[in-house]
1. Return the residues of segment 146-157 that are within 13 Å of the ligand (Cβ to nearest atom) and in contact with a Lys or Arg (Cβ under 8 Å, 6 or more places away or on another chain); say none if nothing qualifies.
2. How many residues does segment 60-74 contain that are open to solvent by 10 Å² or more (accessible area, probe 1.4 Å) and more than 9 Å from the ligand (Cβ to nearest atom)?
3. Please go through segment 303-326 and pick out each residue that is closer than 17 Å to I272 by Cβ and open to solvent by less than 30 Å² (accessible area, probe 1.4 Å).
4. When both residues are 6+ apart or on different chains and their Cβ atoms are under 8 Å apart, which pairs have a first residue that lies in segment 266-284 and is over 19 Å from L48 (Cα atoms) and in contact (Cβ under 8 Å) with a residue 40 or more places away in the chain, and a second that is assigned to a helix (DSSP H, G or I) and of a type in the set (D, E)?
5. Would you please name the residue that is surrounded by the most Cβ atoms within 10 Å (Cβ to Cβ), looking only at residues in segment 278-296 that are touching a Phe, Trp or Tyr at 6+ places or on another chain (Cβ under 6 Å) and farther than 14 Å from G188 by Cα?
6. Is at least one residue of segment 75-86 more than 18 Å from the chain's Cα centre (by Cα), in a helix (DSSP H, G or I) and more than 16 Å from the ligand (Cβ to nearest atom)?
7. With the structure loaded, tell me whether I272 is within 16 Å of the chain's Cα centre (by Cα), modelled with pLDDT of 95 or more and assigned to a loop (DSSP other than H, G, I, E, B) or whether it fails that test.
Amino acid sequence: MSWDGIIRAYHEFLPVTETMPIITLQEGNTPLLAIPNFVTAIGGDLELYVKYEGLNPTGSFKDRGMTMAVSKAVEAGSKAVMCASTGNTSASAAAYAARAGLRCIVLLPEGAIALGKLAQALMQGAEVIAIRGNFDDALRCVRALTEQYPITLVNSLNPYRLEGQKTAAFEIVDALGDAPDYLSIPVGNAGNITAYWQGFQEYQASNLSSKLPKLLGFQAAGAAPIVENRVFEHPETIATAIRIGNPASWQKAVRARDESGGLIDKVSDQDILQAYRLLAQTEGIFCEPASAASLAGISKLIDAEYFPPGAQVVAVLTGHGLKDPDQAMAVSEAPLVLNADLEEIAAVVMALR
Ligand code: F0G
């Protein structure tokens, strides 16, 4: 079957009109992969899958929301879009704006964006402004500017973003035949956990699933406003995608957590990096550090004997590992450098095993 993006695939669940152009890069339809080697390595009794959202066109889940937000912006006659971003939203906005012929202006926290994401925004023609401040400062500016000027805000405060992002929940149910017992997801600005909850609820209301999952959200310990119920003025974590101290969808995420009977907890940078490496080394799946928070969280809950035996769990891998090559290099050993000499190479290779 041919695939032409989430809007065409799920139009009956989306606010699609006759006049709306569909700006798509064929996002969605991402793999749901079982990861039994990882489960063995962390010592759990789970049926664990990852939803590999890093395989979207710009390498993150943001594309699901951006196809809707940019299509709607064009329908409304907008000529420019704007966002604040820890990187992925800007990469996605730049791509869809380029395809639609719109101006794209992005505000990024200076020095806190992973290299791959910045490269994408620049290559795809966004007008990139680095702000002396963090993501929360940048979002405050973008909210004010898009109220004052004829520019469409494409952060997840734009309701069309969440509409598009909820389709990932549909795909999970379509693949499993029902909702899983648990859905584990990293939480930053808290839009995505909100979107998943919306998606699972809508599918159940349409009798396409029999149950709802419990939502398990994970923030980085240095940027855990929802967990600690306080704004973090100076959020800090190696998982720069979720380095957010005052999430825009805070209350919606709390509601999703409580309605689902799940939890939102925090994981240390060390545990995030451990899950990040372990996933790549046991399963050949390379995600960015923020995405590994969902697996670090599962590992923490296994240690706390939270799950019933054999529980079916889906962890969302929100972004691709190639987004942040610096972090990958930082946790890896540099390659050996040898002469092009058979004996020298053989001596080393045979000594390694
Ligand atoms: N994972 C990745 C890779 C992200 O880029 C983000 C958010 C999240 C998780 C958290 O999702 O904000 O919906 O709770 N990135 C935004 C950005 C903030 O600007 O790219 P959330």
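1. Of everything in segment 146-157, those that are within 13 Å of the ligand (Cβ to nearest atom) and in contact with a Lys or Arg (Cβ under 8 Å, 6 or more places away or on another chain) turn out to be L153, V154, N155, L157.
2. 2
3. A315, V316, L317, T318, G319, G321, K323, D324, listed by residue number.
4. K266/E228
5. Selected residue: L279.
6. Looking for residues that are more than 18 Å from the chain's Cα centre (by Cα), in a helix (DSSP H, G or I) and more than 16 Å from the ligand (Cβ to nearest atom), one finds at least one in segment 75-86, hence yes.
7. no
Every residue, every condition in (1) of a type outside the set (S, T, Y); (2) open to solvent by 40 Å² or more (accessible area, probe 1.4 Å); (3) in contact with a Ser or Thr (Cβ under 9 Å, 6 or more places away or on another chain), yes or no:
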residue: F200; (1), (2), (3): yes, no, yes
residue: S209; (1), (2), (3): no, no, no
residue: A223; (1), (2), (3): yes, no, yes
residue: I226; (1), (2), (3): yes, no, no
residue: P247; (1), (2), (3): yes, no, no
residue: D258; (1), (2), (3): yes, yes, no
residue: I272; (1), (2), (3): yes, no, yes
residue: Y276; (1), (2), (3): no, no, yes
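The values are calculated or read from the model by the stated rules, or taken from the named source; none is laboratory data. Quick caveat, the model's predicted, so the values are computed rather than measured. Virtual Cβ from ideal backbone geometry, glycine too; neighbours counted across all protein chains shown. Heads up: the accessible areas ignore ligands, DNA and RNA and are worked out on the full protein's heavy atoms, side chains in. Shrake-Rupley method; radii C 1.70, N 1.55, O 1.52, S 1.80 Å.
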